[in-house]
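Engineer: Sending over a structure as structure tokens; questions will come in a sec.
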Amino acid sequence: MEGQRVVPNQNIYWARGGYLNQKRPIQMSEEEKYNVARCSGEKSEHLCKNPIFKCKECANYGCAQEVSNKCTAQGFKNNICLNCGVAGSRIPVMKKELAKFIAEWEKNDL
């Protein structure tokens, strides 16, 4: 792709707005990628569809974005939980587990 530099097994960089953005691939098996729950929030007036993650510390859930308030169902920004502020605590939520996590979160929501 034009404007991208790809190094095998490393980060992908591309020029945007005069600086380099980086995108790290999610380290999941093909089965996990197929079965991961997808975000149904709204992002830039369309369906987000990013993977949903759960925080190991506080059970917050949602998609991960690189800036705050990018998606209506966002739970993480730059690998930091937007509820408790812990970094590196996200784990992917599988489709079959999503309803359980939502019920758990709503039950504990004060």
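The values are calculated or read from the model by the stated rules, or taken from the named source; none is laboratory data. Just so we're clear, the structure is a prediction, and the values are computed from it rather than from any experiment. Here Cβ is always computed from backbone atoms with ideal geometry, including for glycine, and neighbour counts include all displayed protein chains.
Engineer: Cβ-Cβ below 7 Å, separation at least six or inter-chain, first residue in segment 73-99 and closer than 20 Å to Leu47 by Cα, second surrounded by fewer than 16 Cβ atoms within 10 Å (Cβ to Cβ) and among the small types (Gly, Ala, Ser): which pairs?
Structural biologist: Hits for this filter: Ala73/Ser40; Lys77/Ser68.
Engineer: Go through (1) in contact with a Cys (Cβ under 9 Å, 6 or more places away or on another chain); (2) at pLDDT below 80; (3) among the acidic types (Asp, Glu) and name the single condition Glu30 misses.
Structural biologist: The failed condition is (1).
Engineer: Identify, by number, the condition in (1) surrounded by 10 or more Cβ atoms within 10 Å (Cβ to Cβ); (2) modelled with pLDDT under 85 that Gly18 doesn't meet.
Structural biologist: (1)
Engineer: Need the failing condition index for Gly85 against (1) of a type outside the set (D, E, K, R); (2) at pLDDT 90 or above; (3) in contact with a Lys or Arg (Cβ under 7 Å, 6 or more places away or on another chain), just the number.
Structural biologist: (3)
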